[in-house]
Amino acid sequence: MLDTQQKTKTYQTYIDGKWVDAASGKAFETLDPYTGESWALIPECDDTDVNRAVEAAYRAFETGSWPNMTPTMRGKKLRLIGDLIAKHSEHLAGIEVRDNGKLISEMAAQTRYMPEWFYYYGGLADKIQGAVVSVDRPEHFNYILREPVGVCAFITPWNSPLMLTSWKLAPALAAGCTVVIKPSEYTSASLLEFMRLVIAEADIPPGVVNVVTGFGAVAGEPLVKHPKVAKIAFTGGTATGARVNALAAQTFKKVSLELGGKSPNVVFDDCNLEDAVSGAVAGIFAATGQTCIAGSRLLLQETIHDVFVEKLVAMAKQARLGDPSKPETQVGPVTTPPQYEKILSYIDIAKAEGCTCVLGGGPATKEEGGGRYFVKPTIFTGVDNKMRIAQEEVFGPVLSVIKFKDEEDAVRIANEIAYGLGAGVWTQSVKRAHNMARRIKAGTVWVNTYRAVSFLMPFGGYKASGLGRENGAEAIDGYLQSKSVWINNGPGGGNPFIMKTAG
Ligand code: NDP
């Protein structure tokens, strides 16, 4: 774990296998959201550093040892990365908590699980196969090659920095791509520690993985615009994702986007009540609601509304607020000062919209277990799905409770939203479970569970929640492109002015 007594730590960034300062020499402070104090200095990269990093990644892709390494050898390197993450998982989790204020129990679970991505995609590296095609001309031998797309740029958010990087890095490296990563300005330190303890230690060739730390507009945009970047894998807010997508289109980059959500957690009156109450709490108050898959709209069948709300409030008000580095803490601080202000403003919006606040509803004080940037777990009832509190992503511990009548009504409310990332369904009816899973427009539907993810299951959004999928075997396709090869074993000739078609 990090020595928390330590004064300000100064980081360098990692470009072309070397530790370097930003070319401008500038650095910015990163805050501990629990104490509100600055604890580290991070290089403030700009377009000069981005260019340096992309050129290094491009060289490594075109001429370095990485493209010449066999896929089997690349797979072994990925498994070594997995082993090194496992060795340093506790340390990496400690840094994440210091930078984003999420619970040590949550971040440690993530860093302990991360090696699986590198073992899984390491195993897939030498199973990427093209095909021989029996084309419709007897004299031809045709085949399809599956080739890496090239230099990939990753842009990541602050809420689960290393896990969301791993979802991209493992398939990209397995495919043979090289990478430049721009972490969130709020949480760069864990990635720099990861580069030191994992990537450098695994002896990954220079230029294969590079980092440009800094601000979105100054370090992120030049990366998105750089002509030598072939693919952008972005996780973040929907507005930023739309901007990144528009910029990337100008140079025809491939793009995957994992964006925001306003996920419905739908509870029917035939559910196991205790499980569903606990699932509703896990859906919104775990990770202080700062998760893209937060079940922030709780849809309750009207027949159980009152009893459910009573049990929900009773459970949620027991949540222990406090120091996120302590394993017994259940709700930590909000990660960034702007996010803190945004959450409080949405609480005001919900009150102005006429919702009833049945729990919380404002900042938490030190006496209540909070430090800096704490918001009380907050529950609003009487929410109409058309209200802003129901339609807009708050990204904090604020739950909107909406009543529904029957299955039809539940499906309508669940789908009347711009987003489509996740959804929960609580029922004991198998028929209803499958019907709801089919009818809800979301990339993931959990039945009688919530917030489960795996390296084996595709993850991504419908509608404004994103483009493409991470995780599972299909994710590697996002880092590959197909090349058709035609070998003519017959005579040449024919009319050169006419396209050669079979007919
Ligand atoms: P942002 O969209 O603000 O930022 C995401 C990343 O984009 C950051 O690294 C940011 O840098 C960078 N960025 C900002 N502006 C630009 C730009 N103009 N060009 C290029 N890069 C830019 O999201 P947050 O960090 O606030 O994360 C929260 C959001 O992420 C929520 O909406 C949440 O739903 C979503 N999210 C989605 C997930 C999913 O898998 N679908 C998972 C986790 C979160 P900087 O930090 O310097 O601004």
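Taking the condition of being more than 27 Å from H226 (Cβ to Cβ) and not hydrophobic (A, V, I, L, M, F, W, C), how many residues in region 30-64 meet it?
The number of residues fulfilling the criteria is 7.
Condition first: of a type in the set (G, A, S) and open to solvent by less than 50 Å² (accessible area, probe 1.4 Å). Can you find one or more residues in region 23-32 that meet it?
No: zero hits.
Looking at region 406-419, which of its residues are touching a residue at least 60 places away in the same chain (Cβ under 8 Å), within 23 Å of F395 (Cβ to Cβ) and not in a loop (DSSP other than H, G, I, E, B)?
I413, A414, Y419
This table checks each residue for (1) under 27 Å from G241 (Cβ atoms); (2) assigned to a helix (DSSP H, G or I).
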site	(1), (2)
L257	yes, no
G260	yes, no
V277	no, yes
A287	yes, yes
I293	yes, no
F308	no, yes
A314	no, yes
S325	no, no
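State whether the residues of region 436-445 include one that is under 30 Å from Q129 (Cβ atoms), assigned to a loop (DSSP other than H, G, I, E, B) and of a type outside the set (D, E, K, R).
Checked against the condition, which is being under 30 Å from Q129 (Cβ atoms), assigned to a loop (DSSP other than H, G, I, E, B) and of a type outside the set (D, E, K, R), region 436-445 yields at least one hit.
Anything in region 206-241 that is more than 10 Å from the ligand (Cβ to nearest atom) and without any contact (Cβ under 8 Å) to a residue 40 or more places away in the chain? List them, or say none.
Selection gives P227 alone.
Given the residues E353, E310, E367, E328, which is the only one that is under 28 Å from the mean Cα position of the chain (by Cα) and charged (D, E, K, R)?
Of the residues listed, the single one that is under 28 Å from the mean Cα position of the chain (by Cα) and charged (D, E, K, R) is E328.
A452 - would you say it is more than 21 Å from G241 (Cβ to Cβ), open to solvent by less than 80 Å² (accessible area, probe 1.4 Å) and either in a loop (DSSP other than H, G, I, E, B) or without any contact (Cβ under 8 Å) to a residue 40 or more places away in the chain (or both)?
So A452 fits the description; yes.
So for region 64-76 (the condition being surrounded by 17 or more Cβ atoms within 10 Å (Cβ to Cβ) and either aliphatic (A, V, I, L, M) or within 16 Å of the ligand (Cβ to nearest atom) (or both)), does at least one residue qualify?
Yes.
Could you please give the count of residues in region 286-320 that are surrounded by 22 or more Cβ atoms within 10 Å (Cβ to Cβ) and more than 16 Å from the ligand (Cβ to nearest atom)?
The total comes to 7.
Among residues belonging to region 41-63 that are outside any helix (DSSP H, G or I) and open to solvent by 20 Å² or more (accessible area, probe 1.4 Å), point out the one that is modelled with the lowest pLDDT.
T63
Considering G82, G94, G122, which residue is open to solvent by less than 60 Å² (accessible area, probe 1.4 Å), farther than 30 Å from P324 by Cα and in a helix (DSSP H, G or I)?
Exactly one of G82, G94, G122 is open to solvent by less than 60 Å² (accessible area, probe 1.4 Å), farther than 30 Å from P324 by Cα and in a helix (DSSP H, G or I), namely G122.
Specify the residue that is least open to solvent (accessible area, probe 1.4 Å); the eligible residues are those in region 321-331 that are under 17 Å from G360 (Cβ atoms) and either in contact with a Phe, Trp or Tyr (Cβ under 7 Å, 6 or more places away or on another chain) or within 16 Å of the ligand (Cβ to nearest atom) (or both).
V331
Go through (1) more than 15 Å from the chain's Cα centre (by Cα); (2) over 13 Å from A464 (Cα atoms) for V255 and report which single condition fails.
Going through (1) more than 15 Å from the chain's Cα centre (by Cα); (2) over 13 Å from A464 (Cα atoms) one by one, V255 breaks only (1).
Does T165 count as at pLDDT 95 or above, near the ligand (Cβ under 7 Å from one of its atoms) and part of a helix (DSSP H, G or I)?
no
Suppose we filter V358, V375, V394, V401 for residues that are over 23 Å from G261 (Cα atoms), surrounded by 15 or more Cβ atoms within 10 Å (Cβ to Cβ), of a type in the set (A, V, I, L, M) and modelled with pLDDT of 95 or more; which single one remains?
V358
Look through I293, I389 and report the one residue that is in contact (Cβ under 8 Å) with a residue 60 or more places away in the chain, of a type outside the set (F, W, Y) and in contact with a helix residue (DSSP H, G or I) (Cβ under 9 Å, 6 or more places away or on another chain).
Every option except I293 fails the conditions.
Report whether or not G468 is at positive phi and at pLDDT 95 or above.
yes
Kindly indicate which of K18, K76 is basic (K, R) and either closer than 23 Å to A108 by Cα or over 26 Å from the mean Cα position of the chain (by Cα) (or both).
K18
Please state which of the following conditions S278 fails to meet, knowing it meets all the rest: (1) over 29 Å from the mean Cα position of the chain (by Cα); (2) closer than 23 Å to S105 by Cβ; (3) of a type in the set (S, T, Y).
Result: S278 fails condition (1) only.
Search region 469-494 for residues being within 16 Å of the ligand (Cβ to nearest atom) and surrounded by fewer than 18 Cβ atoms within 10 Å (Cβ to Cβ), and hand back the single one that is farthest from F252 (Cα to Cα).
Per the stated criteria, the residue is G472.
The values are calculated or read from the model by the stated rules, or taken from the named source; none is laboratory data. Because the structure is a prediction, the values reported are computed rather than measured. Reconstructed Cβ throughout: ideal geometry from the backbone, glycine too, with neighbour counts over all protein chains shown. Ligands, DNA and RNA are stripped out before the accessible areas are found, and what is left, the full protein with its side chains, is counted by its heavy atoms. Shrake-Rupley method; radii C 1.70, N 1.55, O 1.52, S 1.80 Å.
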